[in-house]
Amino acid sequence: MDQRNGFRRAIENGDVVFGARASTFSPTVIEIFGELGIDFVWLDFEHMGPSPWDSTVFENLTRAAEVGGTELFVRLPSGDPALIRKVLDAGVRNIFVPRVDTAAEVRAAVEATRFVYGDEPGERGMASGRSRTWGNAGEYVATEDEEVCLGVMIEKTTAVDELDDILSVPELGFVFIGPSDLSVQMGHPSDTSHPDVVEQVAEIREACRSAEVPTGVIANDPASIEAAIEDGHQIIRIGGDLASIQSTLQERLDDVRALR
Ligand code: 3PY
Ligand code: MG
């Protein structure tokens, strides 16, 4: 397989990348997103989808991404190092871990993605899965460490309390900000426009900017996408398969019904 990771290259170059969620987990949808020019496809194994422990799922999904010319952006249910290793071995390049609390767990998650970590042996295991072209990759160890990328969601007040330490974890790829779960944790469930939540999101963004860790957010309309770019976010999820189907067909159906 192609071990390169355009997503990591882009965010390390300071570029902005645009993604879409594939809630159907359909290889066809992933391929189409790639053909459209979508930079990354968000796959949410925290809240939906098949078991992330089934490598054959990722083998097929990463093949579809490669054919379409896009990258997968996989949200795991947890930062279990054994799961991280297995998903990387199946060919995924970009992983992110939700609901982190401590810098120690973030460090353990990043270390599981590296053969060499800060000049010391890392915690990635040698494998012969799809990521190594089934044992036939010309280069493997150094290439993997250069290409794979692990980020975390900052969406808990415990993580906010430890944010500086989390952002100091070597080789942390990015932070994705989660206003919905922050709203729960801050006592305003689902009110993501509550001033306290908005202020907290801005503080997280500023801390990441000072630490030079790229950030991501969800923005579902042109004005908020523009605002996210102006705020310095580099990883922006701009929609998804189900929302696109719902809005397009709903509008068309409403128009057709109005004509009759
Ligand atoms: C949140 O806002 O909590 C998220 O996880 C966004 O996906
Ligand atoms: Mg969340």
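Only alpha carbons enter this Debye calculation for the range 181-250, each as an equal point scatterer, and the log10 of I(q)/I(0) it gives at q = 0.18 Å⁻¹ is -0.82. For the chain, the 222 nm mean residue ellipticity estimated from helices alone, with every DSSP H stretch of n ≥ 4 adding -39500 (n - 2.57) and the total spread over all residues, rounds to -13000 deg cm²/dmol. For GLY239, the residues 5 or more places off, or on other chains, whose built amide H falls under 5 Å of its own are ARG21. Legend: calculated FRET efficiency, ASP161 to HIS47, from the Cβ-Cβ distance at R0 = 30 Å, rounded to 0.05, equals 0.75. Using the Karplus relation 6.51 cos²θ - 1.76 cosθ + 1.60 with θ = phi - 60°, the per-residue 3J(HN,Hα) values for the range 53-61 come to 7, 8, 4, 5, 4, 5, 4, 6, 5 Hz, with x marking Gly and Pro.
Here the Kirkwood formula puts the hydrodynamic radius of the range 33-117 at 13.3 Å, using every distinct Cα pair.
Report the equivalent ellipsoid semi-axes for the chain in whole Å, largest first, defined as the square roots of five times the eigenvalues of the gyration tensor built from alpha carbon atoms.
Whole-Å semi-axes of the equivalent ellipsoid: 29, 25, 16.
For SER23, the shell of other residues with beta-carbons less than 9 Å away shows a net charge of -1, using +1 for Lys and Arg and -1 for Asp and Glu. First select every other residue whose beta carbon is under 10 angstrom from the beta carbon of VAL184; then total the charges, Lys and Arg +1, Asp and Glu -1. Net of charged neighbours comes to -2.
Across the range 1-64, C-alpha contacts under 8 Å between residues 6 or more apart give a mean separation that, scaled by the residue count, equals a relative contact order of 32 percent.
Calculate the all-directions average of the projected area of the range 116-218's alpha-carbon convex hull, and give it in nm². Orientation-averaged projected area of the Cα hull: 8.1 nm².
Coordinate-derived values only; no laboratory data. Bear in mind that the values here come from a model prediction, so they are computed numbers and not experimental data. So basically every Cβ, Gly included, is an ideal-geometry build from the backbone, and we count neighbours across all protein chains shown.
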